[in-house]
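Quick notes on the structure that follows.
Values quoted throughout were computed directly from the atomic coordinates according to the rules given, and no laboratory measurement underlies them. Only a predicted model underlies this, so the values are computations on that prediction, with no experimental measurement involved. With ideal geometry, Cβ positions are generated from the backbone for all residues, glycine too; neighbour counts draw on all protein chains shown.
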Amino acid sequence: MSTEPPLLLALDLTGTFAFGLNGALTAVRAARLDVVGVVSLGMITALGGGVIRDVLIGAVPPATFVDWRYFALAAGGALLAYAFSRLLDRLDMPITVLDAVGLSTFAVIGASKALDHGLGVGPALLLGVVTGVGGGTMRDTLILRIPSVLRSELYAIPALVAAGITVAAVKAGLYALPSVLVAVAACFVIRMLGVRYRLNAPGPLGRRPGDGSSGSDPGDQR
Amino acid sequence: MSTEPPLLLALDLTGTFAFGLNGALTAVRAARLDVVGVVSLGMITALGGGVIRDVLIGAVPPATFVDWRYFALAAGGALLAYAFSRLLDRLDMPITVLDAVGLSTFAVIGASKALDHGLGVGPALLLGVVTGVGGGTMRDTLILRIPSVLRSELYAIPALVAAGITVAAVKAGLYALPSVLVAVAACFVIRMLGVRYRLNAPGPLGRRPGDGSSGSDPGDQR
Amino acid sequence: MSTEPPLLLALDLTGTFAFGLNGALTAVRAARLDVVGVVSLGMITALGGGVIRDVLIGAVPPATFVDWRYFALAAGGALLAYAFSRLLDRLDMPITVLDAVGLSTFAVIGASKALDHGLGVGPALLLGVVTGVGGGTMRDTLILRIPSVLRSELYAIPALVAAGITVAAVKAGLYALPSVLVAVAACFVIRMLGVRYRLNAPGPLGRRPGDGSSGSDPGDQR
């Protein structure tokens, strides 16, 4: 990612730290884990989406394995969450804000990198979203929660918007700092509105919520 | 997959659509999901097995990311399931038939592609089965069900038969439309007999069914 | 892995067999599975960690797909567990010992192979641990258990020690049979002490164990 503009790199590193912190906090709250588990899940949350993307486009070893700063920030965020989980419980909003920064940046970088590797529009959109939500999905699966991206709040949709703006900008020859900022800002604003007003994507048509036989749903907290 | 015979391509696209539809329906029934979740799980069911195979043989980006028809059919089937899930509940048998077409075709294509990439007999059999069952396994894991392929009905075994016939035909220099049809038909018939007579592979010797501490089994429906 | 010393190869094959056996036994105990499920989970336990490592470093098809002995030993161990699960329940300690041999060897080989492919120290440590624990983690996720490596006993830490000694030896130009044996022995001893004295990595600071909302924890046995 050496060719990304410096601001995008700064946002990406911020997002990696936030995902590591938030992923580890979620793990601490949701399951009985030791320090190995908490730090592992924080790192998986922070690095997992990018790793899946890089494996799918054949860019291995994954970018985050080559640049030690991603490793260090993901692990640092996770260790912080392990050490100060009680304290951080009170900082829900700042953490959610940083997490939304990560989601936005990851979606932009994922879509742009997919296009760089010659993928079409559909897969680039998909990989933008996967970069944003893949790590959290892996974490949720490992701690036996139905991934929150599949069922609650606006999470995948803002990432899709950011990926869509990015793909449109690249195709129009306008991929540069201004379009990146528009994509990041659009995703960030939609995500924060979703959090603020508890917006959800619509459930299945003709079924009430909870209509399925969801016997082992381990709770709704993200 | 441009070198596959046209009939196999038609079956493959049919199977992709059926897997997208059936995967999304299973998701609607099993868990409380929004439209993002239902469509994601339908697409994962339809495309997941082929993606795992392509990652394992180094054919990235995966074939289904390069040919937009797979994407469109998987997403179309999933959206249909989201929109008409109540109605489709009554069409169990036609959906099961289409699903068996997909399983059969995916197993044949998976085994044949693995041999094309220089893998031996054992891995080719494995990748035939993985292509057929991988997507459904990912979906089940994400919605917290023990993957049905691991515990109920004949699902992996017919796929293994199709992969076995395919590998034998390739090794004998007879891989062409007739042998493909034999492999697809054999898998299809075994699968449908399994559904019709509720056949299961044998459980662990010396243990009664349900003997394990399966505390969180979220139900038996596929 | 043709360049590994013969003793390391022997340990690696022993570990593969032990992981296949132990993984299948865990599957039999934890969930209601048929023969397909038991053998699949045994093979996933034995081969999964190495497959993840090889995918991440771009060494596909994975080494275990190319060398039939790994396949055969993993499947053989799993079939043995399926056939004699009642009997093997009484052989807990020998199986745990063989499993620790596998963990130690896998961690050493994983770290060494990552360095061979040009990865840095951090990713090499990570891939050493992933090679050791990845298969069991995949198995646990598929049968809906929170992976034991994330929450109980010393399992990842001894693997990290073995990977650390390996990385240090390679960097010092001392990677040869003696250093391999030191790394394997260190991991093995720490792991067995952990089993013997039921040692666990520390839980989250400032929280009592079980403080999280772990509603769907399907049991503690490994």
Please report the net charge: other residues with Cβ closer than 12 Å to the Cβ of residue C:135, K and R +1, D and E -1. 0
For segment B:6-197, give the magnitude of the charge dipole about the Cα centre (Cβ charges: +1 Lys/Arg, -1 Asp/Glu; no others), in debye to the nearest 20. 280
What ranking do C:139, B:29 get, fewest neighbouring Cβ atoms within 10 angstrom at the top? B:29, C:139
Stokes-Einstein diffusion coefficient of segment A:28-89, Kirkwood radius over Cα pairs, 10 °C, 1.306 mPa s, in µm²/s: 128
So, how do all the Cα-to-Cα distances of chain B break down into 10 Å bins, in percent, from 0 on up? 9, 35, 36, 17, 3
For residue C:171, which inter-copy label distances result when the label point lies 7 Å beyond Cα on the Cα-to-Cβ vector, reported in nm to one decimal and in ascending order? 4.7, 4.7
Using 1/(1 + (r/R0)^6) with R0 = 22 angstrom and r between the beta carbons of residue C:91 and residue C:67, what's the FRET efficiency to the nearest 0.05? 0.20
Run through the other copies and list how far each one's label point is from that of residue A:94, in nm with one decimal, shortest first; the point sits 7 Å from Cα along Cα-Cβ. 5.8, 5.8
Ranked by GNM mean-square fluctuation in chain B (Cα springs under 10 Å), the top entry among B:93, B:138, B:192 is B:93
Given springs between every Cα pair under 10 Å in a Gaussian network model of chain B, which of B:162, B:172, B:201 has the largest fluctuation? B:172
Find the centroid of the Cα atoms in segment B:127-173 and in segment A:54-73, then give the distance between the two in whole Å. 31
Here the tail fraction of P(r) beyond 14 Å, over all Cα-Cα pairs of segment C:137-202, rounds in percent to 63
Dimensionless Rg/Rh of segment B:26-135 - Kirkwood Rh, Rg from C-alpha atoms: 1.02
To two decimal places, what compactness ratio does segment A:77-163 give when its Cα radius of gyration is scaled by 2.2 N^0.38 Å? 1.21
What does the copy distance list look like for residue A:189, label position 7 Å along Cα→Cβ, in nm and ordered from shortest? 6.3, 6.3
Along the charge dipole of the protein assembly as shown, which of C:161, B:23, C:8 sits closest to the positive end, that is, farthest toward it, with unit charges on the beta carbon of Lys, Arg, Asp and Glu (+1, +1, -1, -1)? B:23
For the protein assembly as shown, size of Cβ-based charge dipole, Lys and Arg +1, Asp and Glu -1, in debye: 1100
Is any helix in chain C, taking whole DSSP H runs, at least 27 angstrom long along its axis by alpha carbon and on average at least -0.5 on the Kyte-Doolittle scale, and which ones? C:6-30, C:35-57, C:92-116, C:121-142, C:177-197
List the residues whose amide H sits under 5 Å from the amide H of residue C:153, counting only those 5 or more places along or on another chain, with H placed 1.01 Å from N in the peptide plane. C:201
Please work out the Kirkwood hydrodynamic radius for the protein assembly as shown, using every pair of different C-alpha atoms, and report it in angstroms with one decimal place. 25.0
